[in-house]
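I have placed the structure first, in the form of structure tokens, so that the comments after it can refer back to it.
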Amino acid sequence: MCGIVGIVGKENATDILVQGLEKLEYRGYDSAGIFVTGTDKKDYLVKSLGRIADLQAQLSPEVQGTVGIGHTRWATHGKPSERNAHPHTSGNDQFILVHNGVIENFEEIKQDFLRGEQLTGETDTEIAVHLIAYFSKETANTKEAFKKALSVIKGSYAFALIDKNEPETIYVAKNKSPLLIGLGEDFNVICSDAMAMLTQTNHFVEINDGEMVTVKADKIDIEDEKGNVVYRESYEAQLDLSDIEKGTYPYYMLKEIDDQPTVMRRIIQEYTNQTGETMIDPNVIKEITASDRIYIVACGTSYNAGWIGKTMIESLAGIPVEVHLSSEFGYNMPLLSEKPFFIFLSQSGETADSRQVLVQINELGLPSLTLTNVPGSTLSREAKYTLLLHAGPEIAVASTKAYTAQIAVLAVLAKAIGDKKNRSASLAFDIAHELSVIASVMETIIDEKMEISQLVEEYLAVTRNAFYIGRGVDYYVSMEASLKLKEISYIQAEGFAAGELKHGTIALIEEGTPVFGVITDKKTAAHTRGNLKEVESRGAHNFVISIAALSKETDQIILPDVHPLLTALVSIVPTQLIAYFATLQRGYDVDKPRNLAKSVTVE
């Protein structure tokens with residue numbers, strides 16, 4: 001959601017900014033813009049509604065400079081339009097600003113400081129840049145004007161500011177929104193995601209909330225909120241440019257679905273030794289084992305993975321688990337147990353809703369663990385412990401391999417806790433072997449793409465809505481499967497507990513309504529098939545995904561058998577492909593669904 005890039009000290013600033021914004025397209029956006037300037041004091045501001053390609057079409061050859069900032073906007077305040085696109089300019093045309101986040105008190109700022117100011121758009125960011133210009137009247141020092149503005153602004157932000165009178169400097173500040181400084185040779189860059197600037201450098205410096213950074217070509221100066229100088233070592237981003245390219249794939253989502261067997265094997269390698277024993281920080285296991293209840297906190301796809309994790313942890317470790325939506329938990333915290341332990345699930349590690357819960361948990365002095373795909377991310381830094389997913393960059397908005405990686409790492413964690421407690425169910429569970437089987441089964445399913453594509457054409461080509469149903473873990477898979485389908489194909493899809501159909505939902509079944517039944521649990525298989533018969537008698541067009549041991553010849557997709565605790569890792573794969581092909585056949589952009597963002601950095 002929104003992206004920021006910037007550079008100081010390179011001749012081809014325009015090209016670098018545009019290329020950086022292209023790398024951030026996965027985050028979701030509706031408009032884009034750049035501002036570039038140079039030592040000759042000529043400057044250029046170019047903005048466009050739509051894609052980066054639309055912005056490029058407006059860039060004439062003279063739009064060049066050695067310093068610049070760029071932005072992709074995902075609308076929060078004001079509709080998507082060129083005038084609401086970033087960068088924004090102050091009324092006196094001196095200051096240029098890009099911003100990720102949400103300024104909560106922008107209306108109050110407008111009333112208290114900017115009455116009579118002529119605003120061209122509807123964004124909170126424009127209020128911020130006008131506020132900086134307001135304070136610049138009191139001091140000729142841009143940094144001090146910026147500081148005064150920051151002391152007034154409430155909310156989340158990552159700012160990059162250029163003063164046209166200081167064309168070789170970018171001022172940067174952040175609070176609750178990600179932003180990094182990249183270190184080059186005789187130049188420096190800024191970005192909201194390291195992927196944006198990997199072509200320029202792989203050495204980055206993290207910025208903490210409340211800090212301000214002055215970025216020049218030959219140095220960066222970091223100050224905390226009190227003006228104290230901060231020294232911080234850089235880190236090397238462990239990313240390979242080949243990991244963020246599509247290669248021969250038409251879409252990132254298809255590549256990432258195909259990546260999943262490799263991810264399973266990587267997790268085995270990272271978290272088990274040659275004898276199959278788990279390798280997780282003993283301190284993590286010790287603290288979780290000492291807890292009386294685990295709280296999994298997450299959003300969206302990660303929330304759905306959390307429900308699978310609950311089943312595995314309770315089965316193997318014998319510790320009660322609650323699963324909560326971050327956006328609800330933060331403002332409606334339930335009564336906690338005496339010794340709680342918190343697990344945060346987030347692909348990006350920057351999810352704002354989860355982060356605001358973690359802040360509260362830290363204030364209470366409670367232990368926490370983040371499972372994330374991004375080392376050095378905010379949730380990783382601020383939680384007590386981190387387990388990485390090792391899934392590699394996930395670019396498509398619809399998460400696939402991060403979801404299965406979360407489940408696999410949760411399985412390893414559950415096994416490690418259970419072993420520590422000498423639980424018989426855990427001791428008999430060979431996690432390395434079982435995940436190896438999963439990887440092979442995933443490959444088998446992926447090899448059947450064309451058969452799945454043909455089925456999708458039969459079931460989903462023209463439908464307006466669809467349902468996924470299942471019980472237990474199959475219900476949790478149905479939740480994720482329906483999310484995948486709705487978010488990229490725009491089919492109104494819902495996942496329901498199969499037993500709940502007759503308590504209201506069956507009223508929605510019409511002639512030809514596709515109903516996907518997921519059947520992998522021996523205890524509930526017969527019941528789910530009974531529910532499928534109920535909807536079939538009311539006109540539903542049934543589609544069954546089952547494991548071999550519970551299958552019937554008439555089932556549309558039959559999966560090889562795997563360990564009962566890990567069926568979610570294989571039953572989800574055909575549903576990912578169903579969503580992919582439904583979207584493709586309907587003519588939509590698989591990787592960039594409307595209105596959605598990959599990294600949700602505002603609450």
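Coordinate-derived values only; no laboratory data. Note that the structure is predicted; figures quoted are calculated from it, not measured. Every residue, glycine as well, gets a Cβ built from its backbone with ideal geometry; the counts of neighbours run over all protein chains shown.
Apply the a/c threshold of 1.5 to the C-alpha gyration tensor of the range 509-556 and tell me whether it is rounded, prolate or oblate. Walk me through the intermediate numbers first.
Values: a/c = 2.66, a/b = 1.79, b/c = 1.48.
Note, shape of the range 509-556 comes out prolate.
Evaluated at 37 °C with a viscosity of 0.692 mPa s, what Stokes-Einstein diffusion coefficient in µm²/s does the range 156-257 have when Rh comes from the Kirkwood expression over alpha-carbon pairs? Don't jump to the answer; show the numbers that get you there.
Numbers: Rh = 15.0 Å.
Translational diffusion coefficient: 219 µm²/s.
If we count every other residue with Cβ under 11 angstrom of Pro514's Cβ, Lys/Arg +1 and Asp/Glu -1, where does the sum land? Before the final figure, lay out the partial values.
On the way: positive: Arg464; negative: Glu458, Glu510.
Around Pro514, the surrounding residues sum to -1.
Divide the volume of the convex hull of the Cα atoms of the range 247-447 by its number of residues and quote the answer in cubic angstrom per residue.
Details: hull volume 22.6 nm³, N = 201.
Cα-based convex hull of the range 247-447, divided per residue, equals 112 Å³.
What is the distance, in nm, between label points placed 7 Å from the Cα along the Cα-to-Cβ direction at Arg464 and at Glu107?
Here the modelled spin labels are 3.6 nm apart.
Please list, in chain and number order, the residues 5+ apart from Thr370 or on another chain whose amide H is under 5 Å from its amide H, with Hs placed from the backbone.
Correct list: Phe344, Tyr385, Thr386, Leu387.
Evaluate the distance, in nm, between pseudo-label points positioned 7 Å from the Cα of Ala57 and of His203 along their respective Cα→Cβ axes.
Each label point lies 7 Å from its Cα, and together they span 4.1 nm.
With n ≥ 4 as the cut-off for DSSP H runs, can you work out [θ] at 222 nm for the chain, using -39500 (n - 2.57) per run divided by the number of residues, rounded to the nearest 500?
Numbers: 18 runs with 215 residues, N = 603.
Calculated from helices alone, the mean residue ellipticity at 222 nm is -11000 deg cm²/dmol.
Between Glu553 and Gln585, take the C-beta separation as r, use R0 = 30 Å, and let me know the FRET efficiency to the nearest 0.05.
Numbers: r = 27 Å, r/R0 = 0.89.
E(calc), rounded to 0.05, equals 0.65.
I'd like the chymotrypsin sites (Phe, Trp or Tyr not before Pro) in the range 325-394 restricted to DSSP loop residues with at most 14 other Cβ atoms within 10 Å, sorted by number.
On the way: sites: Phe329, Tyr331, Phe341, Phe342, Phe344, Tyr385; in loops: Tyr331.
Of the chymotrypsin sites (Phe, Trp or Tyr not before Pro), the ones in loops of the range 325-394 whose Cβ has at most 14 other Cβ atoms within 10 Å are Tyr331.
Trypsin sites (Lys or Arg not before Pro) within the range 3-53: which are DSSP loop residues with at most 14 other Cβ atoms inside 10 Å? Kindly include the intermediate steps, with their values, before the conclusion.
Working: sites: Lys10, Lys23, Arg27, Lys41, Lys42, Lys47, Arg51; in loops: Lys10, Lys41, Lys42, Arg51.
Qualifying residues, ordered by number: Lys41, Lys42.
I'd like the FRET efficiency for Gln238 and Ala425, computed as 1/(1 + (r/R0)^6) with the beta carbon distance as r and R0 of 41 Å, rounded to 0.05. Walk me through the intermediate numbers first.
Working: r = 35 Å, r/R0 = 0.86.
That pair, Gln238 with Ala425, gives E of 0.70.
From largest to smallest, what semi-axes in whole angstrom does the range 3-242 give when each is the square root of 5 times an eigenvalue of its alpha carbon gyration tensor?
Working: eigenvalues 118, 90, 59 Å².
Each semi-axis is the square root of five times an eigenvalue, giving 24, 21, 17 Å.
Whose amide H sits under 5 Å from the amide H of Gly65, counting only residues 5 or more places off or on another chain, with H placed in the peptide plane?
Ala13, Thr14
Can you give me the relative contact order of the range 448-588 as a percent, contacts being Cα pairs under 8 Å and 6 or more apart?
Working: 244 pairs, mean separation 42.6, N = 141.
After rounding, I find 30 percent.
Estimate the FRET efficiency between Asn228 and His503 by the formula 1/(1 + (r/R0)^6), using the beta-carbon distance for r and 45 Å for R0, to the nearest 0.05.
Details: r = 60 Å, r/R0 = 1.34.
Calculated value: 0.15.
If contacts are Cα pairs under 8 angstrom and at least 6 residues apart, what is the relative contact order of the chain in percent?
Details: 1333 pairs, mean separation 72.5, N = 603.
Reported relative contact order: 12 percent.
Can you classify the range 29-107 as rounded, prolate or oblate using the Cα gyration tensor, where a ≥ b ≥ c are the square roots of its eigenvalues, rounded means a/c under 1.5, and otherwise it's prolate if a/b beats b/c and oblate if not?
Values: a/c = 2.42, a/b = 1.33, b/c = 1.82.
Taking the square roots of the gyration eigenvalues as a ≥ b ≥ c, the range 29-107 is oblate.
Which of the GluC sites (Glu not before Pro) found in the range 301-377 are in a DSSP loop and have at most 15 neighbouring Cβ atoms, other than their own, within 10 Å? It would help to have the intermediate numbers written out before the result.
Details: sites: Glu314, Glu322, Glu328, Glu338, Glu350, Glu363; in loops: Glu338, Glu350.
Listed in order of number, the matching sites are Glu338.
If I model a spin label at Glu122 and Leu335 as a point 7 Å from the Cα along the Cα→Cβ vector, what separation in nanometres do I get?
4.6
Report, by chain and number, residues whose modeled amide H sits under 5 Å from the one on Glu104, excluding near sequence neighbours (fewer than 5 apart, same chain).
Lys154, Gly155, Ser156
Please work out how much length the chain gains when fully extended from Lys79 to Glu448, using 0.36 nm per residue of separation minus the C-alpha to C-alpha distance, in nm with one decimal.
Working: separation 369, 0.36 × 369 = 132.84 nm, distance 4.24 nm.
Length gained between Lys79 and Glu448: 128.6 nm.
Under the classification rounded if a/c is under 1.5, otherwise prolate if a/b is larger than b/c and oblate if not, where does the range 72-181 fall, given a ≥ b ≥ c as square roots of the Cα gyration tensor eigenvalues?
Numbers: a/c = 1.31, a/b = 1.12, b/c = 1.17.
Since a/c stays below 1.5, the shape of the range 72-181 is classed as rounded.
About its Cα centre, what dipole magnitude does the chain give when the only charges are +1 on Lys and Arg Cβ and -1 on Asp and Glu Cβ, stated in debye to the nearest 20? Write out the running numbers ahead of the final one.
Numbers: 56 positive and 82 negative charges, 200 e Å.
The calculation lands at about 960 debye.
When Lys and Arg each count +1 and Asp and Glu each count -1, what net charge do the other residues less than 9 Å away from Val544, Cβ to Cβ, add up to? If you can, show how the numbers build up before the last one.
Numbers: positive: Arg529, Lys552; negative: Asp555.
Charge balance in the 9 Å sphere: +1.
Relative contact order for the range 247-447: what is it in percent, counting Cα pairs under 8 Å that are at least 6 residues apart? List each step's numbers first, then the result.
Numbers: 351 pairs, mean separation 60.4, N = 201.
30 percent.
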